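Undergrad: My questions will all concern the structure given below.
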Amino acid sequence: QVHLVESGGGSVQAGGSLRLSCAASGSIFSINGMGWYRQAPGKQRELVAAFTSGGGTNYADSVKGRFTISRDNAKNTVVLQMNSLKPEDTAVYHCGITASTMASRRYYDYWGQGTQVTVSS
């Protein structure tokens, strides 16, 4: 089983910064991709930033130049540094990974419980 634990959400004024962290644990054999997604009320979950299986990064156009994703492969962690936050960034942010386990070498998607980010104007 794979578990994701997120931390770092909270409330901030527009223009402020927050840092989200996600740690993956369990019987992980290999991680194919790691990233952050968000879901605002009444909207579908969307990609914020993620590492691809090839090691590159994808960012939503709305966060380019403001958010930075990083990872520590040895610790199975992924961090999202969010700067110049805007009210429209308000959402529940979820960490997601695509990983295989020791028991099954097939890749599955796993999600964290989510952390609330609220940006006030």
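The values are calculated or read from the model by the stated rules, or taken from the named source; none is laboratory data. All of these numbers come straight from a predicted model, not from anything done at the bench. Note that each Cβ is placed from the backbone with ideal geometry, even for glycine, and that neighbours are counted across all protein chains shown. In case anyone asks, the SASA skips ligands and DNA or RNA and just uses the protein heavy atoms, side chains included. Shrake-Rupley method; radii C 1.70, N 1.55, O 1.52, S 1.80 Å.
Undergrad: So what is log10(I(q)/I(0)) for segment 19-76 at q = 0.20 1/Å, when the Debye sum runs over its Cα atoms only?
TA: Scattering profile of segment 19-76, log10 relative to I(0): -0.84.
Undergrad: Let me ask you something else. Compute the orientation-averaged projected area for the chain from the convex hull of its Cα atoms and round it to one decimal in nm².
TA: 7.1
Undergrad: Given a 1.4 Å probe, how much area per residue of segment 9-87 is accessible, in Å²?
TA: In whole numbers, segment 9-87 has 52 Å² accessible per residue.
Undergrad: From zero up to wherever the largest Cα-Cα distance of segment 53-100 sits, split into 10 Å bins and tell me the percent of pairs in each.
TA: 19, 55, 24, 3
Undergrad: Rounded to the nearest percent, how much of the accessible area of the chain (1.4 Å probe, protein heavy atoms only) is carbon and sulfur?
TA: 47
Undergrad: Less than 9 Å Cβ to Cβ from Asp89, Lys/Arg counted +1 and Asp/Glu -1: what total charge do the surrounding residues give?
TA: Taking every other residue near Asp89 into account, the sum is +2.
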